[in-house]
Structure formats: C-alpha cells, structure tokens
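Following: one structure in structure tokens, then a few remarks.
The values are calculated or read from the model by the stated rules, or taken from the named source; none is laboratory data. Everything numeric in this text was worked out from a predicted model, so none of it was measured. Note that we place each Cβ from the backbone using ideal geometry, even for glycine, and neighbour counts take in every protein chain shown. Each accessible area value is taken on the protein alone, full model and side chains, heavy atoms only, with ligands, DNA and RNA left out. Shrake-Rupley method; radii C 1.70, N 1.55, O 1.52, S 1.80 Å.
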Amino acid sequence: MYKPCFVLYLFLLVAAASCYDENSTYGERLVSSLFRNVQVDTSTVRVVSVLIDSLETSGKGIALTGEYIHPLWGKMRSSAFIPYERPSYNTEADETVVLDSLVLLLSSNGYFVGDTTMPLTIAIHQLTEKISLNDNGYLYNKSRVAYDEAPLVTYTFKPKPGNPDFLEIRLSDALGDDLLTKFHTSDQAISSDRFEDYFKGIVLIPEGGSNRALVAFSVADTAVALSLRYHITDELENNRELLFKAKTATQFNQIIHDRTGTLMESYPTSQVEIPSGALGNRGVLMCGTGWYTRLEFPYLNNFREQGEYVAIKQAYLKIYPEPGSYSVYNALPDSIYLYIADENNVITDAVKNYLGEEVQVGILMKDDTFDENTYYYFDVTDFMQQESGASGKYKHNLQLVYNANDYTGTLKNLTISDQQGRTPIILQLTYTIYESY
C-alpha cells in the first residue's frame, strides 16, 4: 500500500540528485521518469442501504410523538413512554385537601418533521406495565410496554416549529383524586419502594390517523412533569403543587415504520441490506428506525494498472440528496458523517479532517435555485490512499451516518442517488502516474 508521502517523495527525487541512492537501480528508474496527473469522476461507488436490528432510544432526554409520511419510504409513527419518580409530600395529614387538577406539562425542544400547519392529536394513556430496562441497560425503538386502551385524555394542538411550545394538558380528575388521596393518607401503595408498581407512568400516542407531523418534547427537570394541583381548605394561602418528575433513564420512544406500498415492503424488518438498484437507484439514511447507507468501492485498484507506479493525490466524494425527498417539512440535515468499516461492517475509524484530529463533517453545498446542484462534500483522500492496493479481508467500506444524538432522538432522513440515479453520487479521483523511459 502506498503512503500519502510517496508522491512527495517521488517529486523530491526528480528535483535533487542528492535525494536518491546512486547505487540503487530503483532510484535511477525514478529519476529517469515522467509524471502525469489524471483526474476521473467515473470510479464505481456501490450504494447499499442497511437496516440494523434495533436502535437504542432510552435515556435520550427527548419524547417523540406523532406521525410522518415520507414521499418514498412510508409512515413513521412514534409514541413516547414516560415513567415517573415519587415526589415528596409535605402537607400534614390533619389538613383537608381538595384536588384542583392533574396536569401534564410539555415543553417543545423545537424539533419537528412533517406538516405542522395541520393539527396534531395525541392520546395520553396510563401504563399497566412497569418500564424496566433490558439486561444490557437499554430500551429500543421496538420495545413494547402495555397500557390501558382507554385514554386518560385526547388532546389536539397546532405545533409551533422553531418556537418554544409550552402545553398544559389536563388529565383525568379520577387519577388526580386517587393520587392525592394516597399521598395524603400515606398509603403504603405509594411508598418509596412500591410507588412505581402502583403508578407506572404514561404514554403519548398519536391518535386519529390523520396526523401529518411529529414533534419532540424535552425530558428534563420539570419538562414532561405531572403537576398535581390542590388546595387546603380554610387557609388564605392554600394553593399547593405536587410535582412528579420523569425518570429520564427509563423514558424511551417506540418508533414504528410502516413500509406498506413502498419499495422496502417485501424486505425483512431488521438486519437487512438492500442494494440501491432495488430501491430505484437510491440509498437511505433514516434516524429513529435504524437505516444507514454503506458505500463500497469494488474497482478502486483498477487505476493502478495504468502505470508502473501510481499514487492517489486527491479524492473527493460528492453525495447528492434526491430532489423531492426533502422539503420545508422535511429539511436536509446540516451534518452527516462517514465512518470506516471492515468487511464485517465493524467500524474501525472515522473519515477525519485534514489534520486527522476530528471527525470530518460532510459540508452541505446548497443551491436554492436548482436542487440538482445541492450536495454534501467530503475529502476522502487519506481513506483512498490507505485503500489503494488493499484486497480481500483488508478492504474497507464507508458508512454514511448521522451523529448519535440525531440517530437515536429524531426522525431526520436523507435519500441519495447512486451512479445511475437522478443526481448521481460522484467519487472524483486525481492520481499521479509514474512512467519510466
């Protein structure tokens, strides 16, 4: 395998006779040589969409709820499961208390996908099964927890994308009365070690089938808290509040991907690899559901046959989003990344910046006039130089992914074209050929 410094070494040999060993025939051949640079943008890039088994969604500090219908890949539907911690209750037992309301407090974090000009309806159900982490300490997008089929309340609102959105949703008075009574009487059912067995939490489920947007609520401190509001009779300052905070470690989002009527429909729902030709010459990245895109370079070494010594000088990758797959309701991601993986798809490194110190961010070059001129740009020179000459188990591929927070806490998505697609992916190589004479 030729190192990045090889080309520089060759040029230095030509520039100064003192830079080679006079007794070396190899050095003589280098000095008596011609160099020429060749640039090509037709190198083969094989695009494969990969779906992992499941995606960790617990403990992310975000509650996703709603539905989004992608123009190519079907419906994504998310429900947020939220358990609660036991609060401290300080009102004396000899006081007379009266319930005012039980309210769910929701605070938007600003993320959305879909048509937020349409109302969003969510149903809030009480859980009938305690949320417990798996043996490995996680819950996933496919995890399931039982809940009461009858909702505590159904609530319709219009999301406000880009602006803080604070909601107060009044829940069942029957549940509020029951909680207040048990805390006020120090019922053992809500003792510290039994509280979560009694009140297991709630789930926010998109309702009605007509939703066209998905929104995110923060899960931290008083966000997604339950506020039990009551007052003490015969007092002037008698308003009180008992605040139930969410258990952030076990809160998770269940995300269902309905692929009915799409090119994905006939494929398994986990651990599947689909070549771009089977998806209309496309590759797919989809947060929340576990899709990412693998890029392979099966004929990279062919350029080495063009001379006695050939070395890659520069390599750039341009990745084009497919027009029509994104919009103001489904914005292009600002950042995507490339990771290096071995033949078993195990990540070994990342494509880094020119200093080799940080993971390189795909630069979005956006053309608001012509969608076909919008693309992500990566400098993959170092990767291609390292791959030059590699074969068999030593070859690597690139995985096109989002950052971890987006991948597990949003439904951001990107559809790209392969080299036969509408806006073809381009690998631009510049290499130097040494020819002796």
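It is to be established whether one or more residues within the stretch 416-424 are open to solvent by less than 10 Å² (accessible area, probe 1.4 Å), charged (D, E, K, R) and touching a strand residue (DSSP E or B) at 6+ places or on another chain (Cβ under 6 Å). There is at least one residue in the stretch 416-424 that is open to solvent by less than 10 Å² (accessible area, probe 1.4 Å), charged (D, E, K, R) and touching a strand residue (DSSP E or B) at 6+ places or on another chain (Cβ under 6 Å). Looking only at residues in the stretch 152-189 that are of a type in the set (S, T, N, Q) and under 32 Å from the mean Cα position of the chain (by Cα), the one that is nearest to Ala93 (Cα to Cα) is Thr154. The criterion of at least 2 residues that are more than 30 Å from Leu55 (Cβ to Cβ) and touching a helix residue (DSSP H, G or I) at 6+ places or on another chain (Cβ under 8 Å) is met by the following strands (runs of 3 or more DSSP E) wholly inside the stretch 176-254: 226-232.
Could you tell me whether any residue of the stretch 281-294 is exposed (fewer than 13 other Cβ atoms within 10 Å of the Cβ) and either part of a loop (DSSP other than H, G, I, E, B) or at pLDDT below 95 (or both)? For the stretch 281-294, residues exposed (fewer than 13 other Cβ atoms within 10 Å of the Cβ) and either part of a loop (DSSP other than H, G, I, E, B) or at pLDDT below 95 (or both): absent.
Can you tell me which of Pro83, Pro87, Pro119 is open to solvent by 50 Å² or more (accessible area, probe 1.4 Å) and not polar (S, T, N, Q)? Reasoning before the result, please.
Numbers: Pro83 fails: open to solvent by 50 Å² or more (accessible area, probe 1.4 Å); Pro87 fails: open to solvent by 50 Å² or more (accessible area, probe 1.4 Å).
Going through Pro83, Pro87, Pro119 in turn, the sole match is Pro119.
Among residues of the stretch 379-406 that are closer than 13 Å to Leu338 by Cβ and touching a residue at least 60 places away in the same chain (Cβ under 8 Å), those with a Cβ under 6 angstrom from a residue that is open to solvent by 10 Å² or more (accessible area, probe 1.4 Å) and basic (Lys, Arg), sequence gap 6+ or separate chain, pair up as Asn397/Arg294; Gln399/Arg294. Has the stretch 337-347 got any residue that is part of a loop (DSSP other than H, G, I, E, B), in contact (Cβ under 8 Å) with a residue 24 or more places away in the chain and crowded, with 19+ Cβ neighbours inside 10 Å? For the stretch 337-347, residues part of a loop (DSSP other than H, G, I, E, B), in contact (Cβ under 8 Å) with a residue 24 or more places away in the chain and crowded, with 19+ Cβ neighbours inside 10 Å: absent. Return only the number of the condition from (1) open to solvent by less than 80 Å² (accessible area, probe 1.4 Å); (2) in a loop (DSSP other than H, G, I, E, B); (3) not hydroxyl-bearing (Ser, Thr, Tyr) that Asp334 does not satisfy. So Asp334 meets the others, but not (1).
Name the residues in the stretch 350-376 that are surrounded by 14 or more Cβ atoms within 10 Å (Cβ to Cβ), within 20 Å of Ile312 (Cα to Cα) and either over 26 Å from the mean Cα position of the chain (by Cα) or not polar (S, T, N, Q) (or both), would you? Within the stretch 350-376, Ala350, Val351, Lys352 meet the criteria.
Scanning the stretch 72-90 for residues that are more than 21 Å from Glu196 (Cα to Cα) and either without any contact (Cβ under 8 Å) to a residue 12 or more places away in the chain or not in a strand (DSSP E or B) (or both) turns up Leu72, Trp73. Show the residue pairs meeting these rules: Cβ distance below 6 Å; 6+ apart or different chains; first residue within the stretch 224-239 and under 10 Å from Val98 (Cα atoms) and surrounded by fewer than 19 Cβ atoms within 10 Å (Cβ to Cβ); second residue modelled with pLDDT of 90 or more and hydroxyl-bearing (Ser, Thr, Tyr). Between residues of the stretch 224-239 that are under 10 Å from Val98 (Cα atoms) and surrounded by fewer than 19 Cβ atoms within 10 Å (Cβ to Cβ) and residues that are modelled with pLDDT of 90 or more and hydroxyl-bearing (Ser, Thr, Tyr), the close pairs are Arg229/Ser101; Thr233/Thr96.
Evaluating Pro164 against the criteria (1) modelled with pLDDT of 95 or more; (2) open to solvent by 60 Å² or more (accessible area, probe 1.4 Å); (3) touching a strand residue (DSSP E or B) at 6+ places or on another chain (Cβ under 8 Å) leaves one unmet condition, (1). Flag set for Ser276, criterion: in contact with an Asp or Glu (Cβ under 8 Å, 6 or more places away or on another chain), under 21 Å from Gly421 (Cα atoms) and of a type outside the set (A, V, I, L, M, F, W, C). Condition check: touching a His at 6+ places or on another chain (Cβ under 8 Å) and either farther than 25 Å from Lys158 by Cα or open to solvent by 60 Å² or more (accessible area, probe 1.4 Å) (or both). Does Asp135 satisfy that? So Asp135 fails the test.
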